[in-house]
Ligand code: GLA
């Protein structure tokens with residue numbers, strides 16, 4: 001699925017979706033799947049690029065997720081078919097090589113290889129993958145796939161990982177096998193989600209705190225439909241700039257820089273590095289503040305924090321595209337908008353709005369129209385709910 005394609009209606013109904021996935025399994029592999037696993041995407045409310053700086057992120061694991069229906073094989077081979085991409089991969093567990101030019105295959109292979117390297121026995125299987133997380137759009141489709149795959153191998157192998165360890169192993173697979181030096185945000189969100197709440201993640205000690213959101217607010221994802229890719233050089237470039245700034249200030253990560261320290265020692269950094277650093281220091285503090293404002297229902301503060309985050313992303317961290325600016329204008333002008341900002345790494349992709357729940361429909365219609373008017377692109381605008389983290393479930397029971 002390209003990010004410019006809309007998620008079909010049938011995929012949003014769990015019964016129909018499970019029925020289609022089971023049907024696909026029968027067509028490809030004959031017989032029925034014996035286990036189902038799912039893992040959610042995420043949208044971050046605050047904390048862009050703070051994870052690899054060991055700061056705070058406020059994240060929401062969402063009701064858009066990746067499903068896998070699988071059945072064990074006895075020949076130590078893995079065969080996996082992606083319904084979204086209409087593509088199949090097959091590999092032997094005893095000699096896992098990466099595939100040049102096919103990232104989705106490498107997510108599956110990378111997780112299998114990483115688990116085995118940890119001494120966890122992976123078993124061969126036939127598997128169908130289906131996702132409602134738009135691909136390469138900033139909602140963590142890759143982590144959802146990795147964490148669903150790890151959950152499948154866990155169930156097949158009969159061993160159990162804590163959600164924290166599963167997240168770390170999936171991140172390792174992405175860092176080392178796929179070669180994308182992402183932080184821990186996406187995999188942690190996908191593994192540690194809890195129904196009904198957001199998570200405040202401390203990326204230094206990797207602890208999470210459940211954050212309850214006061215009633216009356218809806219979370220609405222607004223997809224600019226412009227693609228983004230972490231493997232593109234800009235993400236790695238931002239990360240390197242932050243590491244250099246930390247080294248110049250003599251700290252192990254920008255998490256350790258306070259606003260006072262930055263003000264006093266700004267001259268020791270290049271103007272570019274100082275802007276990156278200023279953004280991270282403020283953004284990490286905003287993640288903690290937003291957690292309080294969301295729980296307390298302080299909507300004006302929510303709006304101010306989101307606006308400051310977007311301004312910093314645009315002016316200090318340089319991760320905003322023209323499509324994102326057009327979407328921000330559309331979101332802020334729409335009825336019911338409480339706060340709006342970027343999501344994920346930026347550089348296009350999805351954005352997020354916090355909206356007065358009673359005005360969600362009017363908000364969606366207005367954003368769609370305004371964004372289309374300024375870009376001639378039809379965006380996908382949809383509410384999401386907080387979702388539980390990676391788990392097995394009974395797809396056979398819900399499918400029809
Ligand atoms: C991507 C990465 C995360 C994080 C965000 C930006 O989603 O995978 O680790 O750095 O960008 O906050």
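The values are calculated or read from the model by the stated rules, or taken from the named source; none is laboratory data. Just so it is clear, the model here is predicted, and its values are computed rather than measured. For neighbour counting, all protein chains shown are included, and Cβ atoms are generated from backbone atoms with ideal geometry for every residue, glycine included.
Here are some notes:
- The range 142-170: number of residues that are surrounded by 24 or more Cβ atoms within 10 Å (Cβ to Cβ) and within 15 Å of the ligand (Cβ to nearest atom): 8
- Residue count, the range 307-318 (criterion: over 17 Å from residue 271 (Cα atoms) and in contact with a helix residue (DSSP H, G or I) (Cβ under 7 Å, 6 or more places away or on another chain)): 3
- Take the conditions (1) crowded, with 21+ Cβ neighbours inside 10 Å; (2) within 15 Å of the ligand (Cβ to nearest atom); residue 277 misses just one of them, which is (2).
- The range 134-148 residues that are under 15 Å from residue 347 (Cα atoms) and modelled with pLDDT of 95 or more, paired with ones that are part of a loop (DSSP other than H, G, I, E, B) and more than 10 Å from the ligand (Cβ to nearest atom) (beta carbon under 7 Å, 6 or more apart): 139/133; 140/133
- Residue list for the range 39-64, filter: more than 14 Å from the ligand (Cβ to nearest atom) and surrounded by fewer than 24 Cβ atoms within 10 Å (Cβ to Cβ): 63
- Hits in the range 262-283 - residues which are more than 13 Å from residue 316 (Cβ to Cβ) and touching a helix residue (DSSP H, G or I) at 6+ places or on another chain (Cβ under 7 Å): 265, 268
- The range 339-363, subset more than 16 Å from the ligand (Cβ to nearest atom) and crowded, with 21+ Cβ neighbours inside 10 Å, residue farthest from the chain's Cα centre (by Cα): 363
- Unique match (being buried (at least 18 other Cβ atoms within 10 Å of the Cβ) and in a loop (DSSP other than H, G, I, E, B)) among 242, 320: 320
- Within the range 347-365, being touching a helix residue (DSSP H, G or I) at 6+ places or on another chain (Cβ under 7 Å) and modelled with pLDDT of 95 or more holds for 351, 353, 354, 355.
- Of all the criteria given as (1) in contact with a helix residue (DSSP H, G or I) (Cβ under 9 Å, 6 or more places away or on another chain); (2) more than 16 Å from the ligand (Cβ to nearest atom); (3) in a helix (DSSP H, G or I), the one not satisfied by residue 28 is (1).
- In the range 384-400, the residues that are in contact with a helix residue (DSSP H, G or I) (Cβ under 6 Å, 6 or more places away or on another chain) and surrounded by fewer than 19 Cβ atoms within 10 Å (Cβ to Cβ): 392, 398, 400
- Taken residue by residue, the range 252-271 has no member that is free of Cβ contacts under 8 Å to residues at least 12 places away in the same chain and within 14 Å of the ligand (Cβ to nearest atom).
- Residue within the range 66-83 that is in contact with a helix residue (DSSP H, G or I) (Cβ under 7 Å, 6 or more places away or on another chain), within 16 Å of the ligand (Cβ to nearest atom), assigned to a strand (DSSP E or B) and at pLDDT 95 or above present: yes
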